[in-house]
Every structure is written in structure tokens, then in C-alpha cells.
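Worksheet: one structure, shown below.
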Amino acid sequence: MRALLAFALFASCTSDTATDTGQDDAGPPPVVTIVLPESDQVYAWEDTIEVEVAVKRGKEEVAFRSVVWSVGGETIKGETASIKAQAVGAGDHEVSVELYVGDDKYTESVDIVVEEEIVDTGVGPGSTHYEGTMATHVWYDGDFGSFDADCPGTVTFDVSEEGVMSGTGWCLLDGEYDMYYVIEGQQNGAGISGTLIAEQDGEEVRTPFTGTGRAGETMTANYDKTFNDSGESVRIAGTFTADPVAPPQ
């Protein structure tokens, strides 16, 4: 760009029909500087991106006009202006400016980063609240005969900053009988594991689960276990899926 400007300046000095651009023929070409934002500046989701440009020839300020900014595809105008980071979106973005000095157009650009939005769930420092659905099926074979039935329901749990899962689950067996669970588990990397704990006649019935889910993302688990006692057999199998949400007030 500067080589082209130097050539243009040379041509204007040697042509008999040179057009007056308002520049000093003996001086260097003007230099466009993006004052704000700084190159590689990182913005949080809730930040405001301020933009500012300056044009100088040597130490002297140069008048300019028709300033147009492009910030990650969003367009704003003015020597100084601002735009919300969330309007630009998360990711790496180029901030470029286009302006005119006399009849000559100049451009300059820098790169910035906008970080992803962090959702505050309000469940204490580092904790995330989850809510979702449970799809269970139960098979029974014993003194009361044999049957199998669906048990649809819900799950609610929190995941601490350390990845500890704790909450409850509920489902309605065959449209008539409530089944309740305590959820205990651990989230680590991209996986989750733990136990659904139900109480039957004063004894705990523990059904292990495993699944996938990174911190702050959807979590899905599967479980399938058969319990045998005194000639009776109960199999509990199914899945639950939960998403991070703001906790109830």
C-alpha cells in the first residue's frame, strides 16, 4: 500500500496536469493509525468495543473525512464510535477502517477477539444448574406377576465447579406410581458418571449411570441394571438429558 502511495505521489509531482489533493508535494504520505482497539485486544461478551482513528504526516495531524469502520462484519461510522461486543459475536474478528484524505482513500486494520458469553446461573460460585427429562422403563417379574411399563419424568441437579453432581429425579410409572431418585455423580472432561438412588422398603436401590457432557453444556446419561432378590427381579433402564438453565427464583 505504501509503495503504491509513494508511486502516486511521484506521479503527481511529475505530471503537468497533476490534480491538487491538498497534500504537501514535498512531504511524506499520511499514515493512518487505529488508536482503538489495540491489535489482538480481547473483549468479554458484555464489553463495549471503542474505535478511534488518527491520521498524521510526520508529527502533523492531517484532516480526513468519510470514516467507515467494519468490526467483524458490522459497519459503523465516525472518527470515534462504539459497538457492543455481543453484537459482533464470539470469535476472532478483523477491525478495519476506511477514510479519505482529500480525494485519496486509505485503509488500515487490526485483529481482536471476543470471548464467548458466560451464563451466570446464580447457583453459587462456579456452579451450574441443570434441568431436563428422564425416560425410564421398568420390568418386573416376581410374586405379583410380570409387567413392564414406561416411567417418563424429569431431572434437576447442580454441577459444582469441581464437577460434583447432586440433585433429584422423578418419573411416573405406568401413569400411576411415583418413583423418586437422588442423583449423585461426577462430571469430568467430556463425561459424566454417577448413581440414581431410590429407596424401597427402607433400603437403597442404586442404579449406576454413565454419559457425556462438558461443563456448561448439555448432559446425557444412560442406565440399565437388573436387581434380583428372593426370586423377584426388577430391571430399570433408560436415559436422562439435561441442559444448563437459570435456577428457579
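Restricting to DSSP loop positions (anything but H, G, I, E, B) with no more than 13 other Cβ atoms inside 10 Å of their own Cβ, which trypsin sites (Lys or Arg not before Pro) remain in the range 145-249?
Here the trypsin sites (Lys or Arg not before Pro) that fit, given the DSSP loop and packing criteria, are R214.
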Relative contact order %, the range 128-244, counting alpha carbon pairs below 8 Å whose residues are six or more apart: 26
The range 135-165: chymotrypsin sites (Phe, Trp or Tyr not before Pro) falling in loop per DSSP and having at most 15 other Cβ within 10 Å: F144
Selection of trypsin sites (Lys or Arg not before Pro), the range 45-150, meeting DSSP coil and at most 15 other Cβ within 10 Å: K59
Simple spin-label estimate for S82 and L36 in nanometres, 7 Å along Cα-Cβ: 0.7
3J(HN,Hα) from dihedral phi, the range 31-44, Karplus parametrisation 6.51/-1.76/1.60, rounded to Hz, x for glycine, proline: 10, 8, 10, 7, 6, 9, x, 6, 4, 6, 5, 9, 10, 6
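No lab work stands behind these numbers, since they all come straight from the coordinates. Only a predicted model underlies this, so the values are computations on that prediction, with no experimental measurement involved. Quick reminder, even Gly has a Cβ in these numbers, built from the backbone with ideal geometry, and neighbours come from all protein chains shown.
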